[in-house]
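Quick note: the coordinates plus some simple rules give every number you see, no bench work behind them. On a predicted model such as this, the values are computed, not experimentally measured, just so you know. All Cβ positions, glycine included, derive from the backbone under ideal geometry; neighbour counts span all protein chains shown.
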Amino acid sequence: MATPQDVVVTPGMQQYIDHNNAYLAKRDRYIREVVKKWKFDTIAVHGLYTVEDAIEDYQGAIIEPIFMSSSQAYRDSDEMAAALAYLIPTWCYSRIANPSTYYLEWTLALLEGYGFGGETTACSTSSGMAAIMTAVQPFLVHTHKSVHEPRNFLAVAQCYGGTFQQFNVRLAEERGIECRWIEDPTNLDEWARKIDENTRFLYGELPSNPGQGFFDVAKVAELAHAHKLPLICDTTVATPALLRPICHGADIVVQSATKSLTTSGFGVCGMVIARKNLVSNLPNDAMKSDFASYVKYLPNRDFGPNLHPMQAIMTLNDVRTLRSKMDLLSQNTMKVAQWLEKHPRVEQVEYLGLPNHPRHELASKYMWLVDSEHDACYGGKRVNRYGHLMSFCVKGGADKARSFFDNLQRIWRATDLGRIKSVATIPAISTHQQQGESGRKLAGIPPNMVRLCVGGEHADDTIGDLDQALSRVK
């Protein structure tokens, strides 16, 4: 983080700095010697909230408190001056940070970094779209070469409709920053061909929403780094329970935590998780050293997209059982997908778990239920899991798809995904409507495609609802 250059450190400020340096050293030692040795589930349940924290500071509360306060008070002017110069840990104002958001960020940083040898940090945001904005904007600044400096970035065309709009409209059309769409992300030559001296980052979503796009994370990261560029991955559908791109060379992960991370559906939340010392061709050492902390305390301090403390704790509470939920939802989805691919009124099923899917082998290389090799029920072996999102095309075109959709009785018709309740939508008329026919064609989204996110209901009951709705298609 950048400390104002004109700050004069007084003896009183130095006392606070020394005290907090000792606190940070103790916390780092705790992470290194204790937390990093835990399994994924233990980290998800406890994060960095300790018994010592609870007893000494929060009257023994075993669940992290919700700090419903707009600002932090300081003991004296020395502590305030040190805090606002970012010389000691602070939250000062809830637009910038809050103790509740810290607990969420610390936990998600550890989960996304599970199995990674380096350090990770996180910044929570008010939504998944705010997380994407937070992740990409710092790489699109002018480098003072010229106000007309050309800038571009690469992004996979198979992506969420809101991502397409942010890149295609807000960045390309409104700001003149070129988005070079990757049509086949499994083709490394296409990635390489579209990189030039003005490229700022590479961006990919996997598995993609709704078309189940995928790419080789390690190879794309290697290509990006060869050009001194960061790789940013959106793994909202997979979550760190199934895929952790940072372990495979990616620099930044974005999550719409609204979705799979928080199956309850109680609110909206986004996350940016980054490894320290990421790769970038920009001359910004503070940003590269600790990207997530940099965006939290500087750009996001000024733009104001950070998260509310109430939502932070609700999200954190959902995350505690993440691995078991993703296991359940994945198994349910596999059963539904296997049933749908045999149905005479379904012409195509997109689910990476199906052995005949063209990207099944590639996805199987990366998508594993974390720590499954430690579960007795899986015989000490790692097991593949492919998530809760799938899509399929109803035979007969858009009208037939809408007839099926309108006849659903138990599956919810909504644009949401990752819920504990099964939810379906027609992307062409909802999540991807605004990008237009040409944009949908680029992303491989036909008008008769239905996106289905299978929930925690018994798979037989979900299949029963699909069966009755398909049987009533006229």
Practice item. Hand me the trypsin sites (Lys or Arg not before Pro) from region 348-456 located in a DSSP loop with no more than 11 other Cβ atoms within 10 Å, in residue order please. Key: Lys381
**Study point:** the chain - share of DSSP beta bridges that are antiparallel (%, nearest 5)
**Key:** 60 percent
Review point. About the Cα centre of the chain, what is the dipole size in debye to 20, counting +1 per Lys and Arg Cβ and -1 per Asp and Glu Cβ, all else neutral?
Key: 1040 debye
Exercise for review: Quickly rank 338-350, 88-100 as a protection proxy: mean count of other C-beta atoms within 10 Å, highest first.
Suggested key: 88-100, 338-350
Review point. By counting other Cβ atoms within 10 Å of each Cβ, how are Lys296, Lys26, Lys194 ranked from fewest to most?
Key: Lys26, Lys194, Lys296
Check your understanding: Fewest to most neighbouring Cβ within 10 Å: what's the order for Tyr386, Tyr23?
Key -> Tyr23, Tyr386
Study note, to complete from the structure: Using the Kirkwood radius over Cα pairs of region 268-398, the Stokes-Einstein translational diffusion coefficient at 25 °C and 0.890 mPa s, in µm²/s and rounded to a whole number, is 132 µm²/s
Exercise for review: In vacuum, with every alpha carbon of the chain counted as one equal point scatterer, what does the Debye formula give for log10 I(q)/I(0) at q = 0.09, 0.12 Å⁻¹? Two decimals, please.
Suggested key: -0.61, -1.06
Study note, to complete from the structure: Among Lys288/Lys365; Lys194/Lys441; Lys26/Lys325; Lys39/Lys325; Lys259/Lys296, the pairs whose Cα-Cα distance exceeds 27 Å are Lys288/Lys365; Lys26/Lys325
Review point. Summing Lys, Arg as +1 and Asp, Glu as -1, what charge do residues with Cβ under 15 Å from the Cβ of Gln433 carry, Gln433 excluded?
Key: +4
Point to revise | Furthest towards positive pole of dipole, Ala337, Met390, Ala192, structure part the chain, Cβ charges | key: Ala337
Check your understanding: Using alpha carbons only, what's the Rg to Rh ratio of region 79-213 with Rh from Kirkwood?
Key -> 1.03
Check your understanding: Roughly how large, in nm² to one decimal, is the mean projection of the convex hull of the alpha-carbon atoms in region 98-319?
Key -> 11.1 nm²
Check your understanding: Once the other residues with Cβ under 10 Å from the Cβ of His374 are scored (Lys, Arg +1; Asp, Glu -1), what is the net sum?
Key -> -2
Point to revise | Net charge over other residues, Cβ less than 12 angstrom from the Cβ of Thr143 (K, R count +1; D, E count -1) | key: +1
Review point. Tell me, in nm to one decimal, what length is gained between Ile429 and Ala61 on full extension, where the rule is 0.36 nm per residue of separation less the Cα-Cα distance?
Key: 127.8 nm
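Work out the P(r) tail for region 146-240: percent of alpha carbon pairs separated by more than 19 Å, whole number.
Value for region 146-240 (Cα pairs over 19 Å): 38 percent.
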Point to revise | Computed over region 267-334, Cα set: Rg, Dmax in Å | key: 16.4, 47
Study note, to complete from the structure: Distance in nm between Ala192 and Lys441 label points, each 7 Å along Cα→Cβ, equals 3.0 nm
Review point. Once every DSSP H run of n ≥ 4 in the chain is given -39500 (n - 2.57) and the sum is divided by its residues, what mean residue ellipticity at 222 nm do you get, rounded to the nearest 500 deg cm²/dmol?
Key: -10500 deg cm²/dmol
